Each structure stands twice: as C-alpha cells, then as structure tokens.
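What follows is a set of notes on a single structure, which appears directly below.
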Amino acid sequence: MTRLFNEPDAFADEMIAGFVAANRRYVRSVPGGVVRSTRSPQGQVAVVVGGGSGHYPAFGGLVGQGLAHGAAMGNLFASPATQQVHSVARAAQHGAGVLLSYGNYAGDVLNFDAAQEQLRAEGIACETVTVTDDISSAPVAERHRRRGIAGDLTVFRAAAAAAEAGHDLADVARVARLANGRTRSFGVAFTGCTLPGADAPLFTVPEGRMAVGLGIHGEPGIDETDIPTADELAERLVGDLLADAELPDGVDSPRGARVVPILNGLGALKYEELFVVYRRVAELLEAAGVEVVDPHVGEYCTSFDMAGCSLTLFWLDDELAELWETPVDTPAYRRGSVMRAEFDTATDAPESADPATPTIPDATPASRAAAATVLAALETVAETVDAHADELGRMDAIAGDGDHGIGMQRGSHAAVAAAREAVEAGAGAGTTLARAGDGWSHRAGGTSGALWGLALREVGATLGDEAAPTRDAVAAGVTAADTGIRSYGKAEVGDKTMVDALVPFADALRREVDAGSRLADAWASAASEASAAAAATADLLPRMGRARPHAEKSLGTPDPGAHSFALIVTAVGETLAAASATPKGPSA
Ligand SMILES: Nc1ncnc2c1ncn2[C@@H]1O[C@H](COP(=O)(O)OP(=O)(O)O)[C@@H](O)[C@H]1O
Ligand SMILES: O=C(COP(=O)(O)O)[C@@H](O)CO
C-alpha cells in the first residue's frame, strides 16, 4: 500500500512537483506535465509521451536528452486531459512538428487525438504512434487493439533517437511504428495495488496465486496459476514471447535474431528477485539461438505497488540496432555519454500560471438565475457520485481498471468548483456549464472526463448567456451533447458504453418536450428510460474501451459509465423538480 501522502487527491500534483524539484538538471514543469530543461535544436522533431501517473519512470522520468522532449502527466491511472497534452506539446515543439506516443488506452487515445487535432489546427504538424506491446491484451489478429506496457521504452527511445538524428516528422513516426511492430511484452502479477488514501486495493490477486497477463491498471488477466518458481516463470514468459505467432514481420526464427530483453519490475518486486528470473531468461534466450543485446533488468513502467513483472523482447533490425546505441540522459534512464546541451533559460510554468482563462462574458439576469440552478444541479451530481463511488469502482473493476468512481468524483467536484467560481463572477448558464466542462475534463482526464467535459460544454454552447433556458433549449443542448459524444468517442448504441444510456435519454427528453411536458417531468421520464437502458447493458458484450478485451467477464454487470450516467440524470431531475416547485423556478 501507499503509506506516505498528504491529501490523496493532491498526490499526483505533489509527486510531480517533487519530481521536478529533484530533477531540474533534466526537466522543468509546464502546465500539464514536464519538458526538457535543456535546449533542443530548432528544427528538431519533438517526441511527446505521456499517460497516467503511477507508472514511474513512465512518463516524466523518461524526459531528457536522447529520449522524450516532454511528457503529459495525468492523474493516477488516468490519461492526461486534452489540455495537458496540448500544453506540453506546444512547450516541447521546436518548429519541426510533434510525435505523440503513448500506450494504447481508451482515455489516452481520446485525449491525445483531440490534442493532435488542436495542434494541427494551429499549424503544428503532429503524428501519433500508439504502443501496443502487451500480447495478453488481444490476439495477434488484433494487434492494433493491444495495450501498451513496458514496450513504451523501446518505441519512445527509437523515435527519440531518430528525432535527435535530424529525421523529419514522417520518418520519426515511421521509426516509432517499426519499433512498435518489433516489440512484444508479457506480464504477470502476484498482488494488486492500492492508490493513496484508498482503504482497499484497486483489485486483488488471490494469496499464493499469479495472475497471468494482468494489465498495469489491474485489467483482468488471461489466466491464473499457482505462483511458480523463478525458473518456471522465466520459462512461461520466454515461451509465450518466442511463440511463432508472436515473431515480428521479417523474423522467421529466433535463431540468430538480435533481441533487447527488458525484464521490468511492476513496483514491489525486489531487484534481486528480478535478477534470479533474468538468469533463467538469459539461458533460455541463448538456448533458442537469440543474440542478446544490451539486456535491461529494472523498473521501466510500474503499476504503483503491484508485485509482478513483465518481459519485453525488442527485435532489432540494422536501423533499430544503430538507433538503440545512441546516448540517453534522463532522470530515470541513462545510457552512454551525452554531450550536455545548454540549459533552457525558461523557468517552471506551474499549473496556476496557465493564462488561458478568459474573462466572464456578460449575461442577462435570467441566464444568471439559471446558472444558479446549474450550480445546484452540479452539486447534486457530485454528491450522487460520492455516494456511489465505491459501487462504480467495483463495477469498473470487473472488466476495466476499477477507477471509474474515483475519476467521476475528481471530475464532478472540479466541475462544481469551476461552476461556483463562474457563478460568483456573474456568469450566465452557458458560460457556467462551459467552465464546469473544462474543469471536469481537465481534472479527471481519462475517458469519462473527456466525454463529460464535452457534454457540459455542448449543453452550455446551446443555452448561451442571454435567453432564459427554455425546455426546448435544454432538450436541444442534450441532443448536441449526445451527437458530440458519439462523434468524438465513436461508440454507438449496443457497444456497452455510456452511449447506451445517453441516446435513449436524449431521445426521450426531446419526445416529451415536443409533447408539451414541463421540463422537470420530461427530464424525470427520460431519466427513468436511461436507468432502464443502463441496467440492460448488463446483457451486452463491450466493444469499446478498456473493458473490451475482457468482454465475457463483464456479462451480467452493467457498464459503469452507463450506470453513472443514469444515476446523474436521475439526481439532476430531482434538482429540476425542486427548482420548478419554487415560485421563481423554471416552470417551463
Ligand atoms: N468510446 C466511448 N464512447 C463513449 N463512452 C465510452 C467510450 N469508451 C468508454 N466509454 C465509457 O467510459 C467508461 C469508463 O470511463 P473511465 O473510468 O473514465 O475509463 P478509463 O479509466 O478507461 O479512462 C465506460 O464504462 C464507458 O461507459
Ligand atoms: O490509465 C491510463 C490511461 O488510460 P485510461 O483509459 O484513461 O484509464 C494510464 O495510466 C496509462 O496511460
């Protein structure tokens, strides 16, 4: 468990502050993460990596000469928000474009892709290569769906070496894809991990047992066995990674192939244990005729205090072998001897220095009155999420990573704080919702953070700051949120996501409003349809997001995002009913 922390919610921010204070030789902080504190030549492609915190040295520990130019650092086990990735990439770029690279997780993909779009719209060339090395997360035929674990290191390093060598963006991306295509990892775990302040682990592995293929956020594995001996574990890891189906294109046999083995500790295994395992890994690779190059044994991508390890095999070709030999100097990873670049004179730009907050636009008294109802509704949302956080976490742990409750808490409380600040500054309903949406997505990160932030912003854009929100405008706002979420997240009804509750909710609200119902009644009726639809997701197999690889495990359990959506709209309905019952409330 994590023993040392202050406010659990501040853990990631305080960790980043301490990490920067201890590593100024390499990094400086910018809103959203860190960039190199040394100068990179103008005209060099910037490699920007990132992901949730809790995986040190991924991702900030891998920023420095010869490796990443910047890292977007999200909350614990939650992808960074779009704004974070965008801000880090802007600070890291040097006029030759940005390669975004990160492990293939739903929240990361949504947020990094949105940041990529923003960067391109601003004229900054941007390409993306996701890391998909974990062989236990999808079959060979679906390699593009696999998640990224310790193979992050090989892909980031190859891309960064190409960038340092002056390759252009297209070529840096090509090298990153080549490295990813030649990287395979396989992991096991003996315990779960406990996030700061939590009274129970995020997930558990039964005493004396080993979860095979368990993900670095506790995503369920593919098998469970008794804990083997160190040699037996090495045999399982090497055996699966050398299987014919896992050999990369261009490698017909392990015999004679050059391979960098990376035995990665997940957080709580001792180096001594890893060395005992590696002893047998080395014997097995040699017996298979593999030419072992530059073996790595240590921690490269951890999972908080999880006891476990993964083995990565990086299959070199001539080009990758040359790039692999280049020097690197970062807080957590050093190879060879780097010619130290000059310090960048720029200083830390902490989160609070973000100049992006615009002034509050003028609003009519009617819209300001509606903003107070928006704030009350958001307070109800946060209370509802708090009351169900454990249940949401448990549902998410069945097939996902167990953090849905935590992420929704973080997001909804940030939305309340942002909305309160806006209301106190005289904002109308539209601006209050937009600020709340930004607060939600920025603070929560992850999949649901990105989607709820978008939803609030869409409703806010429809309501605006002038007219008193009519029931028609509210229904139009919810329809806009529905359209926005489906076009952004690309999920459809039946995929077992929040969309399964959102679509019937938006349709029913429109129908009831068109039929002349009062807003509070129309909302209550739509909320009850959303609740039924959310419950019915228990019978579905997930086709999107983190739950997809473990589809069958989630049968019988509703989708957590659909369930939280239904809980939220039901609670908001109660606020609307209470508001409409007061003499000054929105009786329409
Ligand atoms: N593409 C998508 N479109 C809409 N909703 C999605 C999508 N992918 C996942 N979700 C929803 O997100 C929920 C998980 O949210 P969250 O806990 O933030 O995920 P993660 O930890 O994977 O980022 C799922 O239960 C599902 O309802
Ligand atoms: O968990 C991570 C991001 O994935 P989500 O889909 O947002 O949960 C992170 O730790 C790896 O980047």
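In the chain, the DSSP beta bridges split such that about 55 percent are antiparallel, to the nearest 5.
Share of Cα-Cα pairs in segment 365-580 beyond 21 Å, in percent? Result: 49 percent of Cα pairs exceed 21 Å.
For segment 152-168, putting each phi into the Karplus relation 6.51 cos²θ - 1.76 cosθ + 1.60 with θ = phi - 60° gives couplings of 3, 4, 5, 5, 4, 5, 5, 4, 5, 5, 5, 5, 4, 7, x, 5, 7 Hz, in residue order, rounded to whole numbers and with x for Gly and Pro. Of the peptides 504-511, 221-228, the ranking by mean beta-carbon count within 10 Å, highest at the top, reads 504-511, 221-228.
When peptides 114-121, 213-220 are ranked by their average number of other Cβ atoms within 10 Å per residue, the highest-first order is 213-220, 114-121. Please give the net charge around Ala282, taking every other residue with its beta carbon less than 13 angstrom from that of Ala282, where Lys and Arg add +1 and Asp and Glu add -1. Its environment carries a net charge of -4.
Estimated from the Cβ-Cβ distance and a Förster radius of 45 angstrom, the FRET efficiency linking Ile227 and Glu122 is about 0.30.
Computed over the Cα atoms, what is the radius of gyration of the chain divided by 2.2 N^0.38 Å, N being its residue count? So the chain has a normalised radius of gyration of 0.99. For Leu433, the shell of other residues with beta-carbons less than 12 Å away shows a net charge of -1, using +1 for Lys and Arg and -1 for Asp and Glu.
Which of the three applies to segment 111-192, rounded, prolate or oblate, going by the alpha-carbon gyration tensor with a ≥ b ≥ c and a/c under 1.5 meaning rounded?
Details: a/c = 2.26, a/b = 1.65, b/c = 1.37.
Because a/c hits 1.5 or more and a/b exceeds b/c, segment 111-192 counts as prolate.
Taking amide H as placed 1.01 Å from N in the peptide plane, Gly97 has its amide H under 5 Å from the amide H of Ala46, Ala125, each at least 5 places away in sequence or on another chain. Give me the net charge for the shell around Ala58: Cβ to Cβ below 10 angstrom, other residues only, Lys and Arg +1, Asp and Glu -1. Net of charged neighbours comes to -2.
Fewest to most neighbouring Cβ within 10 Å: what's the order for Glu458, Glu291, Glu207, Glu574?
Numbers: Glu458 24, Glu291 13, Glu207 8, Glu574 16.
In order of increasing Cβ crowding within 10 Å: Glu207, Glu291, Glu574, Glu458.
Which order results if Trp315, Trp523 are arranged by neighbouring Cβ count within 10 Å, fewest first?
Ranking Trp315, Trp523 by Cβ neighbours within 10 Å, fewest first, gives Trp315, Trp523.
Using the empirical formula 2.2 N^0.38 Å as the baseline, the Cα radius of gyration of segment 337-411 reaches a ratio of 1.89.
Residues whose amide H falls under 5 Å from that of Leu316, counting only those 5 or more places apart or on a different chain, are Arg258, Val259, Val260, with hydrogens built in the peptide plane.
Neighbour counting of Cβ atoms within 10 Å sorts the residues Lys496, Lys490, Lys270, fewest neighbours leading, into Lys270, Lys490, Lys496. Projection of the Cα convex hull of segment 304-436, averaged over all directions and equal to a quarter of that hull's surface, yields 14.8 nm².
Taking the average, over residues, of other Cβ atoms within 10 Å as the packing measure, peptides 92-98, 482-488 rank 92-98, 482-488 from highest down.
Hydrodynamic radius of segment 164-297 by the Kirkwood approach over all distinct alpha-carbon pairs: 16.8 Å. State the dimensionless ratio Rg/Rh of segment 242-356 (Rg: radius of gyration of Cα atoms; Rh: Kirkwood radius). When Rh is taken as the Kirkwood radius, the ratio is 1.09. Applied to segment 487-498, the Karplus parametrisation 6.51 cos²θ - 1.76 cosθ + 1.60 on θ = phi - 60° returns per-residue 3J(HN,Hα) values of 6, 6, x, 6, 8, 10, 4, x, 7, 6, 9, 4 Hz, with x for Gly and Pro.
In sequence order, segment 37-46 has phi-based couplings of 8, 9, 6, 10, x, 4, x, 9, 4, 9 Hz under the Karplus curve 6.51 cos²θ - 1.76 cosθ + 1.60, θ = phi - 60°, and Gly or Pro positions carry x. A helix-only calculation puts the chain at -15000 deg cm²/dmol for mean residue ellipticity at 222 nm, using -39500 (n - 2.57) for each DSSP H run of at least four residues, averaged over all residues. Shape analysis of segment 8-329 places it in the oblate category; the axes a ≥ b ≥ c from the Cα gyration tensor give an a/c of at least 1.5, with a/b not above b/c.
Every number in this text was worked out from the coordinates using simple rules, so none of it is lab data. The structure presented is a predicted model; accordingly, all values stated were derived computationally and were not measured. Positions of Cβ are backbone-derived with ideal geometry, glycine not excepted, and every protein chain shown enters the neighbour counts.
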